[in-house]
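A.B. asks: Below: one structure in structure tokens.
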Amino acid sequence: MPSSAAVDNPWFRRFNPSDSAPARVVIFPHAGGSASYYLEYANALAPHADVLAVQYPGRQNRFMEPTIDSVPELAEKLYRELRDWTDRPLTFFGHSMGAAVAFETARCFERDGVPGPERLVVSAGRAPSLPRDSEVHKLPDDELLATVVALGGTDERILSIPALRELVLPALRADYTAIETYRSAPDATVSLPITGLVGETDPNATVEQVGRWDRHTTGAFDLRVFPGGHFYLADRTEDVVQVLTAHLRD
């Protein structure tokens, strides 16, 4: 099992490694997101959990690696990597695209009968069987970037700095391809409890759409609504961490 020393695994960033924390939280980022976006969350959770922030290929320290444009493929690869991190109770926390990746990763554990996460927390992600009629991944570069920046969560400097554009475009397009072409079967479920988190004015994942996650678990489901839009969590770190730590205590 992993030790307190940082493990040389490109799939995860451990900003505050801890062998003494009683639980482990795995954070699955949004489309175009990186592990470092969730540094504040990792720091806030550190007293309660050892945090693994997922780093998808094609960004930051994985810039030279090929991107992956399929949610199921991302999930399968993460499942194989996470099997070595089950020495403590796991909670999966996924935001936007990360909610779908976390769900499919949890399904991989259950498919193979491998002990995995004990709770799934999905944030700003519509239920996996709901249709996605947007095609941001097909837009020309300028329109794709402008759309993503307008949604929040992405540095607007990429619109004007060519070097930044070249860095982020491949990962952005791959991620949006992954989530916009993804749809689970209506009866796809996990047995673990699911908590849904959503911004009350989110145009991409409405309160109703996030509430539909109740159809995808045979366990308990609860829904929390916060002020804000798709990236409500940027201003609600304390509230979201309270949700996570309450479940860790449970």
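A.B. asks: Based on what the data block shows, is residue 46 small (Gly, Ala, Ser), surrounded by fewer than 24 Cβ atoms within 10 Å (Cβ to Cβ) and closer than 17 Å to residue 244 by Cβ? Please lay out each step first, then the result.
C.D. replies: On the way: small (Gly, Ala, Ser): yes; surrounded by fewer than 24 Cβ atoms within 10 Å (Cβ to Cβ): yes; closer than 17 Å to residue 244 by Cβ: yes.
Considered against the rule, which asks whether it is small (Gly, Ala, Ser), surrounded by fewer than 24 Cβ atoms within 10 Å (Cβ to Cβ) and closer than 17 Å to residue 244 by Cβ, residue 46 comes out as yes.
A.B. asks: Residue 36 is checked against (1) over 19 Å from residue 167 (Cα atoms); (2) part of a helix (DSSP H, G or I) and fails just one. What number does that condition carry?
C.D. replies: (1)
A.B. asks: Next question. So residue 188 fits all but one of (1) in contact with an Asp or Glu (Cβ under 9 Å, 6 or more places away or on another chain); (2) crowded, with 17+ Cβ neighbours inside 10 Å; (3) of a type in the set (Gly, Ala, Ser); what number is the exception?
C.D. replies: (2)
A.B. asks: Kindly indicate the residue of the range 49-85 that is among the hydrophobic types (A, V, I, L, M, F, W, C) and part of a loop (DSSP other than H, G, I, E, B) and also surrounded by the most Cβ atoms within 10 Å (Cβ to Cβ) among those meeting that condition. Walk me through it before giving the result.
C.D. replies: To start, the set of residues in the range 49-85 that are among the hydrophobic types (A, V, I, L, M, F, W, C) comprises 49, 51-54, 63-64, 68, 71, 74-75, 78, 82, 85.
Filter again for part of a loop (DSSP other than H, G, I, E, B), leaving 63-64, 68.
On the way: 63: 12, 64: 7, 68: 20.
So the residue we want is 68.
A.B. asks: A follow-up question, please. Of everything in the range 197-239, what is part of a helix (DSSP H, G or I), closer than 21 Å to residue 39 by Cβ and under 17 Å from the mean Cα position of the chain (by Cα)? Give them in sequence order.
C.D. replies: Residues of the range 197-239 that are part of a helix (DSSP H, G or I), as a first pass: 207-216, 232-234, 237-239.
Add one more test, that the residue is closer than 21 Å to residue 39 by Cβ, and what stays is 232-234, 237-239.
Hits for the range 197-239 are 232, 233, 234, 237.
Bear in mind that the values in this text are calculations on the coordinates, not laboratory data. The shown structure was predicted, so the numbers you read here are calculated from the model rather than taken from an experiment. Methodologically, a virtual Cβ is constructed for each residue, glycine included, from the backbone with ideal geometry; neighbour enumeration extends over all protein chains shown.
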